[in-house]
1. Just subtract the alpha-carbon distance of GLU176 and ALA408 from 0.36 nm times their residue separation and send over the number in nm, one decimal.
2. Points 7 angstrom from Cα along the Cβ direction at GLU107 and LYS222: gap in nanometres?
3. May I ask you to list the lysines whose Cα is less than 20 Å away from that of LYS330, ignoring any residue fewer than eight positions away on the same chain?
4. For the full complex of protein chains and a 1.4 angstrom probe, list THR359, THR11 by accessible area with the highest value first.
5. I'd like the FRET efficiency for ASP326 and LYS46, computed as 1/(1 + (r/R0)^6) with the beta carbon distance as r and R0 of 41 Å, rounded to 0.05.
6. State in Å² the accessible area per residue of segment 249-318; use a 1.4 Å probe, count heavy atoms of protein chains only, and round to the nearest integer.
7. Which helices, counted as full DSSP H runs in the chain, have an axial Cα extent of no less than 27 Å and a Kyte-Doolittle average of -0.5 or above?
8. Quick one: accessible area per residue over segment 1-80, 1.4 Å probe, rounded to a whole number of Å²?
Amino acid sequence: MSTIQVDNPATGEIVGSVPVLGSEQLSVMAARARAAQPGWLELGFKGRGAIMSRAQKWMLDNAERVIQTVISETGKTYEDAQLTDLGYAVMALGFWAKEAPKYLSDERVPSWNNPAVVGRKLIVRYAPHGLVGVIGPWNFPIVNGFGDCIPAMMAGNVVILKPSEVTPLSSLLMLEMLSECGLPADVMQVATGDGSTGAALIAESDCVMFTGSTRTGRAVMKAAAEKLIPCYLELGGKDPMLVCADADIGRAANAAAYWSMNNAGQVCISVERVYVEAPVYDQFVQLVTANIESLRQGAPDGAGSVDVGAVIFPPQLEIVDAHVKDAVAKGARVLTGGHSKVDGGRFYEPTVVVDVDHTMDLMREETFGPVVPIMKIADIEQGVRLANDSPYGLQASVWTKDTAHGEAIARRLEAGAVCVNDVQVNYQALNLPMGGWKSSGIGSRHGAGGIRKYCKTQSLLITSFGFKREIFMFPYARGRTMLLQRFYKFFYGRGKRG
Ligand code: NDP
């Protein structure tokens, strides 16, 4: 069996190695998972929730180990690992443990308003798919991977998680955590490997939850279609930020700097492009540039040591560099940064680019790095047009002191989530759905839909009384036919004249 070496992108140090599992191993894992599923379902929400709550405590007790494991394979800053990977998982474990029963308990639907079923008990119930294959990317190895396993398991599914080959260690730690917290064997398993492992996992799954690039997402959906299984895709984005002339420019500029540079820009809902109304453009650019120029970059050495971390995935460095070079070749100006830094670790300088337009890859393709392009717009109408001029539709933000105007603009943007005077923090609102439009995905995580998607629905109709003579019964009789006619008139015919 071949193996993959895991390196620390900030130092180049090899920090681990994992096997590449193939279809044979995946078949064995899937069989074990299926054997474990009935017992797991039998535990009920309370039993499953108790394990998640213990895991929540475990994460807090072992926070340093979790953070250091994430840092070791991503080279991100201490704060990026703490705020997102650790913080999200701590929150999600508690949230789904508490909310799953609410979202998934049986629902009674009314029968009184339909003559065909009046008096019957109508119930919708949620039943787990069985085995959910979760495939994750490398940017947030705990959030987008293990984070999706939590609701899937709370719904009564068993899961096999296939982490990115670049960042498998955090997922293995999550498995260790759950085992220590009493998770029965094989309820969650981790299948390390590469793209072929992901493909083998889909072949074994009853449902697929995929987070990654739009390109791979299409392949995943094709494979799921072949099997005719549900498939949910959280894909790439090119999130626009629209700054109105009446915005709090200081706050907007801070946000542009922070939310384009956090996690070194490797965030699906990062600020990937900024449009600023002409009257405040110069001030905004000056503030953003001053902020970004002052950032410290390098290998993290504990809390507060650096502001911007490494580029996690080796080819990403080339993509980021190519986008900046393409923009410069077409007339853009780099105000700060603009170079790769490869000295032991893999970095790209925090970069501000201006004089950009939509002929440039930097404004059209997902850059996924510490680069913020800023474009001057004549008015917000032009901004809305440009924001929507994208194959992606993951997220967007609007900045104005007039929040009603901001909301009106938000409603015109083609994106699955829009913040007014904020960025990214909506991801922490676990009761608010989060998912992409257009090429950014299908389905969503969080909220009721974020757990119901891991279930099949079963509709139950229960008739607990018996008419001697039912309306629906042979032989047809004129009396009953006319009675039904009256029912229809009574239910549907009132007040509908003219
Ligand atoms: P990729 O699409 O390259 O990979 C994602 C996962 O899919 C990896 O585990 C990868 O394995 C696996 N994979 C590759 N080929 C196949 C295949 N044929 N069948 C099944 N699985 C396969 O994405 P990245 O890892 O590069 O992640 C970055 C992308 O993720 C960005 O586009 C980003 O926007 C997006 N993303 C989206 C989020 C969202 O919520 N919308 C959140 C976070 C990231 P391996 O790595 O081993 O090749």
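1. Contour length minus the Cα-Cα distance gives 78.8 nm.
2. Here the answer is 3.5 nm between the modelled labels.
3. Within the straight-line cut-off, LYS330 pairs with LYS238, LYS376.
4. Highest to lowest solvent-accessible surface, that is THR359, THR11.
5. About 0.15, to the nearest 0.05.
6. Numbers: 2430 Å² over 70 residues.
I get 35 Å² per residue for segment 249-318.
7. 23-42
8. Numbers: 3810 Å² over 80 residues.
Heavy-atom accessible area per residue stands at 48 Å².
The values are calculated or read from the model by the stated rules, or taken from the named source; none is laboratory data. All values derive from a computational prediction rather than experimental measurement. Note: ideal-geometry Cβ built from the backbone for every residue, glycine included; neighbour counts use all protein chains shown. SASA here: full protein model, heavy atoms, side chains in, ligands and nucleic acids out. Shrake-Rupley method; radii C 1.70, N 1.55, O 1.52, S 1.80 Å.
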